[in-house]
Amino acid sequence: MRKLALILLLLPALAGAPAAQNIDGDALLGGLVQSDRWLVDQNKQTEEFIGNVFYQNDNYTLKADYALSDRKAKTYTLKGNVFAQQDIDGILSTIKADNFFYNHAKDNGQITASPKKQVQINYETQDNFYQIYGDRITFTNKLSSFTSYGNAQAGDLNNTIYADVISYNLAAGAFEAAGGRPMLEGYTADGDFALKADSITANTLQKTYAAKGSVTGWITTAKNLTSALQENN
């Protein structure tokens, strides 16, 4: 999931060039920043893009109702119908949210959703498709490490983890789920499975998982299923 981090590289573009234009657009990192209104405060070193904010270059697309670039603090705030997408080397990454805050100086941030909605992150490769959901997601290191809070869900084409809190660390290649009796369900070539525990760790590099604390669940394999059918007959 390393490529997902590169979405954040487009955010500094919102700072604009000194002579940037809001409606007509101005060439910026190979793309254009556009909005209905553009407000600049030289003293505060801020720029506001208001209404139908749009940025695009060969690799990135960004949309929002509002964007604020604070050059002095090196922070970027996006609000309302936030959509960020990156397409590099055939890997498509997408973020959908209501609010997005990124501190470029500290390289951390937060993504949130409105009530009754959730943040959604999709990550698509030639071999797999990942989806991450949460009421709120905090991240560091250009999103290579993140934690999803509140009805959190993370998974690929074969496996899904549900929990109150799910954390991911790129270096370790591990998802860690805790709170609300996490559940992991999925299937392999041998069959399908589901389990619950007090905590669950799934390692995408080693392709293993571990569950701790009052573990319950089931595993169905082709062999077990054949035996069950024979016994019932």
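None of the figures in this text is laboratory data; all of them are computed from the coordinates on show. As the structure is a computational prediction, the values presented were derived from the model and not from experiment. A quick note on method: Cβ atoms are made from the backbone with ideal geometry, for glycine too, and the neighbour counts reach across all protein chains shown.
Figures for the structure shown
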read-out: Under 13 Å, Cβ to Cβ, from Phe139 - net charge with Lys/Arg +1 and Asp/Glu -1; value: +2
read-out: Alpha-carbon centroids, the stretch 161-185 and the stretch 106-149: separation in whole Å; value: 13 Å
read-out: Approximate spin-label separation Asn43-Lys116, in nm, with each point projected 7 Å along Cα-to-Cβ; value: 4.2 nm
read-out: Charge sum, other residues only, whose C-beta stays under 13 Å from Phe83's C-beta, Lys/Arg counted +1 and Asp/Glu -1; value: +1
read-out: Separation of the Gln206 and Lys72 label points, Cα + 7 Å toward Cβ, nm; value: 4.9 nm
read-out: Cross-link reach list, lysines versus Lys44, counting only Cα pairs under 17 Å and skipping chain neighbours closer than eight places; value: Lys72, Lys74
read-out: Total lysine pairs under 29 Å (Cα atoms) in the stretch 88-233, excluding pairs fewer than 8 apart on one chain; value: 18
read-out: Total formal charge among the other residues, if their Cβ is under 13 angstrom from that of Thr216, Lys/Arg +1 and Asp/Glu -1; value: +1
